[in-house]
Amino acid sequence: EGEFHLPFQREPQTFCNKRHDRGEGAFLHLVTTGGLDRELTPFYQLLIEVEDKGDPKKYGYLQVNVTIQDINDNAPVFDLDQYQSSVFEDAVVGTSVLQITATDQDEGTNADVRYFLDEGTPFQIDPKAGTIAIKEALDYESKKEYSLTIHAVDNGVPSLSGRTEAIIKLLDVNDNDPVVKFRYFPTTSKFASVDENAQIGTVVALLTVSDADSSAANGNISVSILGGNEQGHFEVHTSPVPNLSLIKVASVLDRERISSYNLTVSVSDNGKPIARSSFASLVIFVNDINDHPPIFQEAEYKVDISEDVPRGSYVKGVLATDGDSGQNANLRYSLVSGNSLGWFAISENSGLVTSAAVLDRETASVIVLNISAKDQGLQPKISYTKLIVNIMDVNDQVPTFTQSTYHVALVEHSPTGSELLLLSATDTDLGANGTVHFTFDPETPGHVQELFQLDAATGRLSAATELDREERGSYLLYVKATDSGSPPLSSSIPLVIHVRDFNDNPPVFTPGDIFKSIPENLPLSTSLNSCSWYHLGRIGGK
């Protein structure tokens, strides 16, 4: 009968022995007392001593090698609680960014660690190597920094895991063009404008520049005018305010020469190694001031118009131009003077002159209209022109005799060709329309016309033969005055010719011989008889 001992076990004791006796002898049971930790002590070499109860005692020894088998009791542990790295935003997909390492004190599959990342980032990790690489294109302007949660999981059953954080900062590169924005005056305006009389140095527009890249990637912003400013009318001024420039007037403007400008503005960020630029178009409208008077196309207009044109007929169109714009060039026409008869009217807007009444050349043959053109500026300017209207004659006037009836006397037996009368008729028309000739009216019998001569041009009426009062004492003629118009106009008047008696016949008694007996004592003054006589020259004469 003996006892078992573990004489060389370290403290704390991990094993103990328990004896069990049986009929044929004693048995040793080696029992753990707890506290095994393979990661601290993976192997034990035990020396077992057995002694008997003899005297002297005898001893026996046994070496027992104990290997501790691993269980998955250790989670993967990362080298760092937080990793940090940086990468340029233009790094290509697949570029390695960071190396992650986690260790597991277990062994075998319990220490076989695999890595993975939470979803939603542009990065990926090699599950075995722990290398973090770019999975998608990066953009500093969209997101400047990523916080990645990295998991390390062993293959134990059940598996254990650990996690850490990696901060990856993106480094900006100059990959964005500068963006230009204009501000106008007033601020509600949608385009730039400047008065044509603006002083040099007047601010036309503000130019602000924004660049999504960081200041580290950009240099100093520079602004210049590349085109549309060949006359040098504008210039760029920098402002103390960052990324703000002023477009100012650099020289005298003249809207009538250049009414608008289209400036090409260049903006460069001067980044390294390659600067980026952008271009913008700035349209500047030059506001008109009323510095130009209206100008008529002609200083004097002339027109010929027939006097018989109906009301509303076109006479002439006058036109003025104004080098200004807008209301400063919005012209209104009016008749200033010369229209006292009210014969003409003018369109206020178009300058069209028309007839407003029936014309009469015989009343006025020339009308001089003074016409004005006035712009609608706040301080309007006005100009004048003349329209000389020559009213052309039409044959609208009937020849008029100086008397409505003529009475003329001619002594009988006056010689052939004796002048009876010089007729006169007037016609206020012009030219052929006012040229009058005289004729006998058809109402005058032909045998009467034969007794007289009428000069068609002069109107001289004379005897064509000797007249005898004893044959006819008077004649009624109708004389017509006709102009040379087309168609001709005429008028007629009656003319009475009285034949005056000339003593060309002796008296004649009837009967030719008178015989009468009277008493001798007939008283004085007693009528003896009556007799009659006549005189050819005057009927009833005694």
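The values are calculated or read from the model by the stated rules, or taken from the named source; none is laboratory data. Please read these numbers as outputs of a predicted model, since none were measured by experiment. Note that we place each Cβ from the backbone using ideal geometry, even for glycine, and neighbour counts take in every protein chain shown.
Table for the structure above
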read-out	value
Given (1) exposed (fewer than 15 other Cβ atoms within 10 Å of the Cβ); (2) more than 60 Å from the chain's Cα centre (by Cα); (3) of a type in the set (Val, Ile, Thr), number of the condition residue 50 does not satisfy	(1)
Every residue from the stretch 103-131 that is within 60 Å of the chain's Cα centre (by Cα) and among the hydroxyl-bearing types (Ser, Thr, Tyr)	121
Qualifying strands (runs of 3 or more DSSP E) (wholly inside the stretch 315-368; at least 2 residues being surrounded by 16 or more Cβ atoms within 10 Å (Cβ to Cβ), basic (Lys, Arg) and touching a strand residue (DSSP E or B) at 6+ places or on another chain (Cβ under 7 Å))	none
Unique match (being farther than 30 Å from residue 369 by Cβ and over 28 Å from the mean Cα position of the chain (by Cα)) among 251, 260, 277, 281	277
Residue check for residue 390: part of a loop (DSSP other than H, G, I, E, B) and at pLDDT 95 or above	no
Residue satisfying condition, being over 18 Å from residue 279 (Cβ atoms) and free of Cβ contacts under 8 Å to residues at least 60 places away in the same chain, within set 208, 187	187
Test: residue in the stretch 310-332 that is in contact with a helix residue (DSSP H, G or I) (Cβ under 7 Å, 6 or more places away or on another chain), touching a residue at least 60 places away in the same chain (Cβ under 8 Å) and not aromatic (Phe, Trp, Tyr)	no
Hits in the stretch 151-185 - residues which are touching a Phe, Trp or Tyr at 6+ places or on another chain (Cβ under 6 Å) and hydrophobic (A, V, I, L, M, F, W, C)	152, 166, 168, 170, 171, 173
